[in-house]
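S.K.: Structure incoming, see below.
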Amino acid sequence: MKERKMRIRPLTLLSKLIIWVWISASMLPIIFMVSTSLKDSDIARQMPPQWIFKPKFQNYLDVLVGADGHSQGFNRLLLNSFIVTFTSTILCLLVAFPAAIALSQPKFTRRKFLSSWILSTYMFPPIVAIIPVFIFAGKINAIDTYPVLAIPYAAFNLPVVIWILRSSIEQIPKEIEEAAHVDGTNGWQYISKILFPLTVPALATGAILSSILTWNDFLFGLALTRSSAKTAPVGIQEFTGMYGTDWGSLSAASVTIVAPVLVIAIIVRKRIVSGLTFGAVK
Amino acid sequence: MRKATSKVNFASAINGQKLARSNSEPASLSRKKHSNRIFWFQMTPALIILLIMTIAPAIYLISKSFTNSSLLDSNSQFIGLKNYQSVLTDSSQLHAARVTGIFVVLVVLIEMVSGLFFAQFLYKKTRANSVAGALLIVPFAVAPAVAAMIFRELLNPNYGWVDYFMGLVGLPPQVDWLGNSFTSWIALIVLDVWQWTPYVTLILIAGMSALPEEPLEAAAVDGANTWQIFRHISVRLMAPFIAIALVLRTIQAFKTFDSFLILTGGGPGDSTSPVNLEIYRVALQSFRVGYASSMAILLLIVTSILTPVLLRILGWATKSEVDKLAFK
């Protein structure tokens, strides 16, 4: 027994070593982004990289307060991203919650078909939807407005959010509903007083997931905005111009996009994993 | 579209225990009809939004795909199947289809294998593993567009860190990564694997920690080694989670757009230009709506064929094991 263990050890050690080398290496892009964002422009491109330097927040000031050389302050793009993320998430939850209630009722004869159809829309390629949305929005002069972004985002996050809510509602023991009926609670009271509070964690998961997916999205923002509703991930592309890349500003802007998501993701890691599998993994 | 009628077991598997409940309740027919109306009412907003974003675009694109419609020219004529004919015979379109296919297969394969490897060693609840779990979610939280931008800077032949580190370990420095197609492919795949392996790993870790301990311990007592335990026990018990990760990653990989546009721009030439990027360019940069529509419809047909297959895998997985493990 002991001998065997001795034989296994080196392989396990090697595997762990590989894993930790991978994890460390995968932090490099983040380290690069954060350190470059804190460097003066004259040392940002030095090779070998300067590991020890005095952090400067000038890049963040340039990006957030606005400096010359950019058509539009990046703070405005962050605000746009926030508005679009917020409205599309609210819209998504408002629409998904009643749908999830209906889909979790055994009395609803069409629920299986509808649930699977909704799941299958997750496979619908966004690029396909963009062409008609782009043309239609152009016709009604809605390109570069918030609704033309918020509605598609809500739509494309709906399958995930409905499924998360539905699987959570289905976990509510039927005794609770029966007891409520015995007590004379009507449908609306049941939903607002009992079902809703029990679904709050799932609503939170749905909201977090929908927010992250919207905040991080690039394609819709790229296709459907020009300037006044442009979102942050689209905006960072502009830091590479004709005269090369403004590394400091690019990195600082990137950090402002990534940081909020990162903080949330680390805190509620389990929820995100569960949510991204449509509630299938707990 | 065909996808609308695809039959799925994912739903029925999860509803399994609920069915019993509906049978035990003797509901009169009129009440059933009445409540169905309420359910449809509750479904309406979601259905409207989903129809606007899926079925309506599909119908619109089908009608446009038979025309030579363009946003730059108000004259639009019916040209029958010509668009489809030229898409299917255009070597660059077929090349794009190949790029998408190769990309999806390669990244999903690499991510699944690495994810399994990671999960095998990280699932035990130790302090080191929880640190690893927290670090793993980092790449995955980075917006794909930002990640692609960062990778482009890292791969810069003059100032990028990648070439610097390669020089340090004695590899040839100053590789122009995005300047030739082979290294561009490597860059794209590394970016995707960097970003999404953690996702697969975290799903599989969730699966591993739900596994019953007994069979693993029994096998260890019987003298099975790590590989044997992994191959004969873990993988089988994990099958549902592997299926979930596989299906979801495949779907997401098909949608990949940001990294192609930002990191390689489809280049050099069109060597890394996938279908998504081609459609984007034809529709929103050349404004050839008719032609782009036929490309989009062909993509939809392929997705519609794949959708039931993927959902069936998911249904099989959730039916067999997840009921016991995760849906309890």
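S.K.: Under a plain spin-label model, where a point goes 7 Å from the Cα along Cα-to-Cβ, how far apart in nm are A:Ser24 and B:Thr126?
M.R.: 1.7
S.K.: Now a separate question. Through the Karplus equation 6.51 cos²θ - 1.76 cosθ + 1.60, θ set to phi - 60°, convert the phi angles of region B:189-201 into ³J(HN,Hα) values in whole Hz; use x for Gly and Pro.
M.R.: Karplus values, whole Hz, x for Gly and Pro: 5, 4, 4, 5, 5, 4, 6, 10, 4, x, 4, 4, 4.
S.K.: Can you tell me the FRET efficiency between B:Leu168 and B:Leu94 if r is taken as the Cβ-Cβ distance and R0 is 35 Å, rounded to the nearest 0.05? Please list the in-between numbers first.
M.R.: Details: r = 42 Å, r/R0 = 1.19.
Given R0 = 35 Å and the Cβ-Cβ separation, E is 0.25.
S.K.: Please list, in order along region B:66-79, the HN-Hα scalar couplings obtained from phi with the Karplus expression 6.51 cos²θ - 1.76 cosθ + 1.60 (θ = phi - 60°), rounded to whole Hz, x for Gly and Pro.
M.R.: Rounded to whole hertz, the list is 9, 10, 9, 4, 8, 6, 8, 9, 6, 6, 10, 10, 6, 10.
S.K.: Treat every Asp and Glu Cβ in the protein assembly as shown as -1 and every Lys and Arg Cβ as +1, leave all other atoms uncharged, and give the resulting dipole magnitude about the Cα centre to the nearest 20 debye. Could you put the intermediate results ahead of the total?
M.R.: On the way: 51 positive and 31 negative charges, 393 e Å.
My answer is approximately 1880 debye.
S.K.: Rounded to the nearest 20 debye, what is the charge dipole size of region A:74-229 about its Cα centre when +1 sits on each Lys and Arg Cβ and -1 on each Asp and Glu Cβ? Write down the numbers at each step before the final one.
M.R.: Numbers: 10 positive and 7 negative charges, 74 e Å.
Around 360 debye, computed over region A:74-229.
S.K.: Exceeding 25 Å between C-alpha atoms, which entries from my cross-link table qualify? They are A:Lys230/B:Lys255; A:Lys16/A:Lys39; B:Lys124/B:Lys255. Working shown, then result.
M.R.: Numbers: A:Lys230/B:Lys255 22 Å; A:Lys16/A:Lys39 34 Å; B:Lys124/B:Lys255 33 Å.
From A:Lys230/B:Lys255; A:Lys16/A:Lys39; B:Lys124/B:Lys255, over 25 Å: A:Lys16/A:Lys39; B:Lys124/B:Lys255.
S.K.: Along the positive direction of the dipole of region A:74-229 (beta-carbon charges: Lys, Arg +1; Asp, Glu -1; about the Cα centre), which of A:Ile191, A:Leu165, A:Phe108 reaches farthest?
M.R.: After comparing all options, I get A:Phe108.
S.K.: Binning at 20 Å from 0, report for chain B what percent of all alpha-carbon pair distances ends up in each bin.
M.R.: Cα pair-distance distribution for chain B, in percent: 23, 48, 26, 2.
S.K.: Let me ask you something else. Specify which residue in the list B:Ser114, B:Thr183, B:Ser76 is farthest towards the positive end of the charge dipole of the protein assembly as shown, using unit charges on the beta carbon of Lys, Arg (+1) and Asp, Glu (-1), about the Cα centre.
M.R.: It is B:Ser114, whose Cα lies furthest towards the positive end.
S.K.: Oh, and also: Work from the charge dipole of chain A (Cβ charges, +1 for Lys and Arg, -1 for Asp and Glu, about the Cα centre) and give the residue of A:Ala229, A:Thr256, A:Trp51 farthest towards its positive end.
M.R.: It is A:Trp51, whose Cα lies furthest towards the positive end.
S.K.: Any idea what log10 I(q)/I(0) is at q = 0.10, 0.13, 0.17 Å⁻¹ for region A:74-229, Debye with uniform C-alpha scatterers and no solvent?
M.R.: -0.43, -0.67, -0.97
S.K.: Please order A:Ile208, A:Ile176 by the number of other Cβ within 10 Å, starting at the fewest. If you can, show how the numbers build up before the last one.
M.R.: Numbers: A:Ile208 19, A:Ile176 13.
By the 10 Å Cβ count, ascending, the order reads A:Ile176, A:Ile208.
S.K.: Related question: Around A:Leu38, which amide H atoms from residues at least 5 apart in sequence, or from another chain, sit under 5 Å from its own amide H, with H modelled in the peptide plane?
M.R.: none
S.K.: Would you pull out the residues with amide H under 5 Å of B:Thr67's amide H, same chain only if 5 or more places away, H placed 1.01 Å from N?
M.R.: Placed amide hydrogens put B:Ile79 under 5 Å from B:Thr67.
S.K.: Under 1.5 on a/c is rounded, so check that first for region A:114-182, then, if it is not, pick prolate when a/b is larger than b/c and oblate when it is not; a ≥ b ≥ c are the square roots of the alpha carbon gyration tensor eigenvalues.
M.R.: Details: a/c = 4.50, a/b = 2.58, b/c = 1.75.
Verdict is prolate for region A:114-182.
S.K.: Along the Cα→Cβ direction, 7 angstrom out, place labels at A:Ile90 and B:Arg231. What is the inter-label distance in nm?
M.R.: Each label point lies 7 Å from its Cα, and together they span 5.7 nm.
S.K.: Could I ask something else about it? Can you compute 3J(HN,Hα) from phi for each residue in region B:51-58, using the Karplus curve 6.51 cos²θ - 1.76 cosθ + 1.60 with θ = phi - 60°, rounded to whole Hz and x for Gly and Pro?
M.R.: 5, 4, 9, 10, 5, 4, x, 4
S.K.: Once you have the Cα-Cα distance between A:Val65 and A:His181, take 0.36 nm times their residue separation minus that, and quote the gain in nm to one decimal. Let's see the in-between values first.
M.R.: Details: separation 116, 0.36 × 116 = 41.76 nm, distance 5.71 nm.
Here the segment from A:Val65 to A:His181 would lengthen by 36.1 nm.
S.K.: Using a simple charge model, +1 on the beta-carbon of Lys and Arg, -1 on the beta-carbon of Asp and Glu, nothing else, what dipole does region B:73-325 show about its Cα centre, in debye to the nearest 20? Write down the numbers at each step before the final one.
M.R.: On the way: 15 positive and 16 negative charges, 79 e Å.
The dipole of region B:73-325 has a size of about 380 debye.
S.K.: Here is a further query. So for B:Asp222, B:Asp270, fewest C-beta neighbours within 10 Å to most, what's the order? Intermediate values should be presented prior to the final figure.
M.R.: Values: B:Asp222 9, B:Asp270 18.
Least to most surrounded, the residues fall as B:Asp222, B:Asp270.
S.K.: Name the shape class, rounded, prolate or oblate, that the alpha-carbon gyration tensor gives for chain A, where a ≥ b ≥ c are the square roots of its eigenvalues, rounded holds for a/c under 1.5, and otherwise prolate holds if a/b is larger than b/c and oblate otherwise. Walk me through the numbers on the way to the answer.
M.R.: Details: a/c = 2.40, a/b = 1.31, b/c = 1.84.
Cα axes put chain A in the oblate bin.
S.K.: For the protein assembly as shown, what class follows from the C-alpha gyration tensor (a ≥ b ≥ c being the square roots of its eigenvalues): rounded when a/c is under 1.5, otherwise prolate if a/b is larger than b/c, else oblate? Numbers along the way, then the final one.
M.R.: On the way: a/c = 1.58, a/b = 1.13, b/c = 1.40.
Oblate is the answer for the protein assembly as shown, as a/c is 1.5 or above yet b/c matches or exceeds a/b.
S.K.: I'd like the orientation of helix A:196-216 relative to chain A: the angle between its Cα long axis and the longest Cα principal axis, in ° from 0 to 90, rounded to 10.
M.R.: 30
Each value in this text was obtained by applying a stated rule to the coordinates, not by laboratory testing. Just so you know, these numbers come straight off a predicted model, no measurement behind them. All Cβ positions, even for glycine, are placed from backbone atoms using ideal geometry, and neighbour counts span all protein chains on display.
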